[in-house]
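No lab work stands behind these numbers, since they all come straight from the coordinates. Treat the numbers as computed from the prediction; the structure is a model and nothing was measured. Ideal geometry is used to build each Cβ from the backbone, glycine not excepted, and the neighbour counts take in all protein chains shown.
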Amino acid sequence: QVQLVESGGGLVQSGGSLRLSCAVSGGISSINDMGWYRQAPGKQRELVANISSGGSTNYVDSVKGRFTISRDNAKRTVYLQMNSLKPEDTAVYYCYADIRVMFRRRDYWGQGTQVTVSS
């Protein structure tokens, strides 16, 4: 059973930092793209950042220079370091991983973790 377990969310003041982690467990063959989405109440889900198996990264414009995505392939974990947090970063953050199990490949999702930034 493939599972993604998130941790690291919480309440932080504006300007503070948090690091989100997402660990993949289960019998898998390989992990390709990994990343983070977020969704605030009443708003559309947006892709925050992703990282390829080779380490190339992409970020939504609003977090460039503040957030850093990384991965540890040995630990099968993706991270999101969030610095200079703003109230508009408040959302539920969901990690995902594009995973191949035998010949089958699809996205798996974490349970979500709440990030709240107070002004």
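A few points about this structure:
- Answer label for Rg and Dmax of the Cα atoms in Å (calculated), chosen among (1) 13.5, 43; (2) 14.0, 48; (3) 14.3, 50: (2)
- Segment residue 52..residue 2, full-extension length gain: 16.1 nm, with 0.36 nm per residue of separation and the alpha-carbon distance subtracted.
- Placing pseudo-labels 7 Å out from each Cα toward the beta carbon at residue 62 and residue 118 gives an inter-label distance of 2.2 nm.
- In range of the label at residue 32: residues from region 91-106 whose backbone nitrogen is under 19 Å from the point 7 Å along Cα→Cβ: 95-106
- Proximal aspartates and glutamates relative to residue 43, as straight alpha-carbon distance under 20 Å, when same-chain residues fewer than 8 apart are discounted: 61, 88, 89
- Backbone amide hydrogens, once placed in the peptide plane, bring residue 53 within less than 5 Å of 33, excluding anything fewer than 5 places away on its chain.
- ³J(HN,Hα), Karplus 6.51/-1.76/1.60, whole Hz, each residue of region 79-87, x for Gly, Pro: 10, 9, 7, 10, 10, 6, 5, 10, x
- Computed label-point distance, nm, for sites residue 102 and residue 75 using a 7 Å Cα→Cβ extension: 3.2 nm
- Lys, Arg +1 and Asp, Glu -1 on Cβ, resulting dipole of the chain about Cα centre, debye, nearest 20: 220 debye
- Across 24, 92, 60, mean-square fluctuation computed from a Gaussian network of the chain (C-alpha pairs under 10 Å connected) peaks at 60.
- Hz values of 3J(HN,Hα) by residue in region 36-50 - Karplus curve (6.51, -1.76, 1.60), Gly and Pro given as x: 9, 10, 9, 9, 9, x, x, 10, 6, 5, 10, 6, 8, 6, 9
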